[in-house]
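Contents: one structure, followed by commentary.
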Amino acid sequence: MKYIDYYDVLGVPRDASQEDIKKAYRKLAHQYHPDVSKDPDAERKFKEVAEAYATLKDPEKRAAFDNLGRHPSGEEFVPPHQWQQHFQEGSADFSDVDLADLLAAFAAAQRADRQERSRMAVNGQDFETSMPVTLEQAYSGAEADLTISVLEEDERGMPRRVPKTYRIRIPKGVSDGQRLRLPQKGGPGFNGGRPGDLYVRMQLQPHPIFRASNRDLYIDLPLAPWEAALGATVEVPTLGGLVELRIPEGTVAGRKLRLSGRGLPDASGKHGDLYAIAKIDIPSKLSARERELFQQLAAESRFNPRSFPEARS
Amino acid sequence: MTTTITESVWLNTSDICSFDHVIEVSGLSADELHELIDMGIIQPSSSKANALFFRMECIVIARKARQLRDDFELDTRGLALALSLLRKMDELESEIAQLRARLMR
């Protein structure tokens, strides 16, 4: 088990008052709350801060934590002998235990020992996790497995994190940020309290070709100068396979060509559109003949793409 | 490792739930939910014989309200302000993402 110095996490001394602990928590919670912070690491930091506060604000958990002595943060350690008696006579294996889970179990065991609040039903904690969803899965619907680490007690009452895998049906038309609730698949309840729920947030993944804007998809479509100038029929990838698209004569760069109904579906099955944005590309190295033809065009064409207003001196 | 197939509920706009269900699942009190409805933060989809019904997706806002209440010890007025600012932020972020998708790379 890894030691975490909760006083260090909140930046308070070990003899800090409850008021100081609360103040420090509030300040850090505002800084790292995942709903307000832009820090990519905010969720992990907030969890750490919340875990430290949950331990230090509870006198029983704080006393149990203080009882562990001081260790450098991240150091592997084994709890003192009196802790182990709470779970089983003799020595228990603490190598795969989370400190916060153990403190919670220890404090609960102490309360039960004193028969205080032991009959109060406590609902289990809700868990929240995210699930990456590809555009292909959102387009066609899919089944995917989600593995999370769940808190369980072994026969000695020792809390452990064990992996659990749930099969999830991703419906056609799922949108970014949409949530799925798995009732009673969160943390266990105590004294008759119901287990918490598991919430899964769908996270649409960036696609190498398509960009999603609600139900519409956008794709950059490179065209040769002569395809753009003369018009052509080209193949365009869509989530449903390749389709032919007619490029009108005189297509300029940036023009959006719409492929109706080739975007993402919504929950009712109605599809958005796919927009191909024309992008004029040229060969990076010209063959002798290509050079000759371009030179001939340059000499003969009267086209001037730059029509800036006359510069004033 | 075994894979479990379990009951699951999509928090979407098409399915409906009751007032009591929102309370049970979110952890808000009935008074808090009533106040958030009065302040327009959570909107019922319909009411029948004095019973309020909600779109399933409103559970996401109700849970966020409960989390903010617990994490920052906010009252319902503070919650309403925080939730409207967060909603505004979500709308702007989604608008930026949509505009970015339309730009040629």
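Computed values, structure above
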item: Shielding of B:91-103 by partner chains, average beta-carbon count, 10 Å; result: 3
item: Shielding of A:179-191 by partner chains, average beta-carbon count, 10 Å; result: 3
item: Potential extension, A:R44-A:S260 segment - 0.36 nm per residue separation minus Cα distance; result: 73.5 nm
item: Among A:R258, A:R14, A:R215, residue whose mean-square fluctuation peaks in a GNM of chain A (springs only between Cα atoms under 10 Å); result: A:R14
item: Estimated inter-spin distance, A:T165 and A:A54, nm [label 7 Å along Cα→Cβ]; result: 2.7
item: In degrees, nearest ten, helix A:99-113 long axis to first principal axis of chain A (Cα); result: 30
item: Cα-based Rg / Dmax (Å) for segment A:211-285; result: 13.3, 49
item: Cα point-scatterer Debye curve for the protein assembly as shown, base-10 log of I(q)/I(0) at q = 0.06, 0.09, 0.14 Å⁻¹; result: -0.40, -0.75, -1.36
item: Most to least packed among A:45-52, A:153-160 [average Cβ atoms within 10 Å]; result: A:45-52, A:153-160
item: Dipole magnitude (debye, nearest 20) for chain A, charges at Cβ of Lys, Arg, Asp, Glu; result: 1120
item: Residue-wise HN-Hα coupling along segment A:277-294, computed from phi with Karplus coefficients 6.51, -1.76, 1.60 (Hz; x: Gly, Pro); result: 9, 5, 9, 8, 10, 10, x, 5, 10, 8, 6, 4, 5, 4, 4, 4, 5, 5
item: Most mobile of B:S29, B:S47, B:S18 in a GNM of chain B (Cα contacts under 10 Å); result: B:S47
item: Chain B: DSSP helices with Cα axial extent of at least 30 Å and average Kyte-Doolittle hydropathy no lower than -1.0; result: B:76-102
item: Hydrodynamic radius by Kirkwood, which averages 1/r over all alpha carbon pairs of segment A:116-272, in angstrom; result: 19.2
item: Amide proton proximity set for A:G261, modelled H, under 5 Å, gap of 5+; result: A:D273, A:L274
item: Amide H contacts under 5 Å for A:G189, placed H, 5+ residues apart; result: A:G124, A:G196
item: Extension reserve of the B:F72-B:D31 stretch, reckoned as 0.36 nm per residue once the Cα distance is removed; result: 12.9 nm
item: Residue-count net charge about B:L79 - beta-carbon cut-off 13 Å; Lys, Arg +1, Asp, Glu -1; result: -3
item: Estimated dipole of segment A:1-76 in Debye, rounded to 20 [Cβ of Lys and Arg +1, of Asp and Glu -1, Cα centre]; result: 220
item: Extension gain (nm, one decimal) between A:L293 and A:V252, 0.36 nm per residue minus Cα-Cα; result: 12.7 nm
item: R0 of 30 Å, Cβ-Cβ distance A:D35-B:A51: FRET efficiency to nearest 0.05; result: 0.45
item: If the convex hull is drawn through the Cα atoms of segment A:123-205, its volume per residue in Å³; result: 81
item: For segment A:117-248, size of Cβ-based charge dipole, Lys and Arg +1, Asp and Glu -1, in debye; result: 800
item: Reach of A:K172 by Cα under 23 Å, taken over lysines that are not fewer than 8 positions away in the same chain; result: A:K270
item: Most fluctuating residue given options A:A288, A:A29, A:A267, as computed from a GNM of chain A linking Cα atoms under 10 Å; result: A:A288
item: Nearest 10 degrees, 0 to 90: helix A:42-56 Cα axis against chain A principal axis; result: 10
item: Other protein chain Cβ atoms within 10 Å, averaged over every residue that makes up A:169-176; result: 2
item: Calculated on alpha-carbon atoms, Rg and Dmax of segment B:1-99 in Å; result: 15.3, 49
item: Descending Cα extents along the principal axes, segment A:1-84, whole Å; result: 43, 27, 18
item: Computed label-point distance, nm, for sites A:L230 and A:F303 using a 7 Å Cα→Cβ extension; result: 1.3
item: Other-chain or far-sequence residues with amide H under 5 Å of A:L221's (modelled H); result: A:I277, A:A278, A:K279
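The numbers here are math on the coordinates, done by the rules we state, and not lab data. What you see is a predicted model; the values in this text were computed from it and never measured. Here Cβ is always computed from backbone atoms with ideal geometry, including for glycine, and neighbour counts include all displayed protein chains.
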